[in-house]
Amino acid sequence: MKSSDIPVKTDAGNRELSLRAHKLSPRVRSLLIVIHGTDTVAELSQSFQAFGDVGASLNELAGLGLITVRESSTAAAPMQAANAPDIMPPAPQAKQFLNETAVAVLGLRAFLFTLKLEHCYTVEELRAILPEYRRVVGKAKGEEFAAAMSTRAEAILARR
């Protein structure tokens, strides 16, 4: 995969978000959640640098048929299946993303945050917990990483 390529979630990738058939690790699952067909491999690698080898995770997702890759020269043409809201609405997607990234970054230390997150059901409730998410993730991985993840969560919530 070239750094200028753009990963795009397939229909199988959208189904995986709901069904969890492949038992992906929290880091790989978090990456799958934020793939919308807009960011290049380089941008994802930069945002998720705290997760380690993003290229290997993208290759794993591609190998499972959960994402496909298009060249950045075709970026102007939007592709189907980039987090189809009819398969999984934005609030549950954002909740999964917050949970998966918190667990991937914090491990067992994410327990208290995930307990609070379990009581969030609406977009508004999820937006209200974002400052705490940013604080706990920022404490573990740095403010830049926490800001990038918060921005991605907000982007998921904005897609109603």
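The values are calculated or read from the model by the stated rules, or taken from the named source; none is laboratory data. Keep in mind that this is a model prediction, so the values were computed, not measured. With ideal geometry, Cβ positions are generated from the backbone for all residues, glycine too; neighbour counts draw on all protein chains shown. Areas reflect the complete protein model, heavy atoms only, side chains present, ligands, DNA and RNA absent. Shrake-Rupley method; radii C 1.70, N 1.55, O 1.52, S 1.80 Å.
A few comments on the model shown:
- Considering residues of the range 107-122 that are open to solvent by 20 Å² or more (accessible area, probe 1.4 Å) and touching a residue at least 24 places away in the same chain (Cβ under 8 Å) only, the residue nearest to Phe51 (Cα to Cα): Arg109
- With a requirement of 3 or more residues that are under 12 Å from the mean Cα position of the chain (by Cα) and modelled with pLDDT of 90 or more, the helices (runs of 4 or more DSSP H) lying completely within the range 1-48 that satisfy it span 26-34.
- Positions within the range 123-160 being within 10 Å of Ala91 (Cα to Cα) and open to solvent by 100 Å² or more (accessible area, probe 1.4 Å), in sequence order: Glu124, Arg160
- The range 33-49, residues that are touching a Lys or Arg at 6+ places or on another chain (Cβ under 8 Å), surrounded by fewer than 20 Cβ atoms within 10 Å (Cβ to Cβ) and over 21 Å from Arg15 (Cβ atoms): Val41
- Whichever residue in the range 14-25 is over 11 Å from Ser57 (Cβ atoms) and touching a residue at least 40 places away in the same chain (Cβ under 8 Å) and, among such residues, is surrounded by the fewest Cβ atoms within 10 Å (Cβ to Cβ): Ser18
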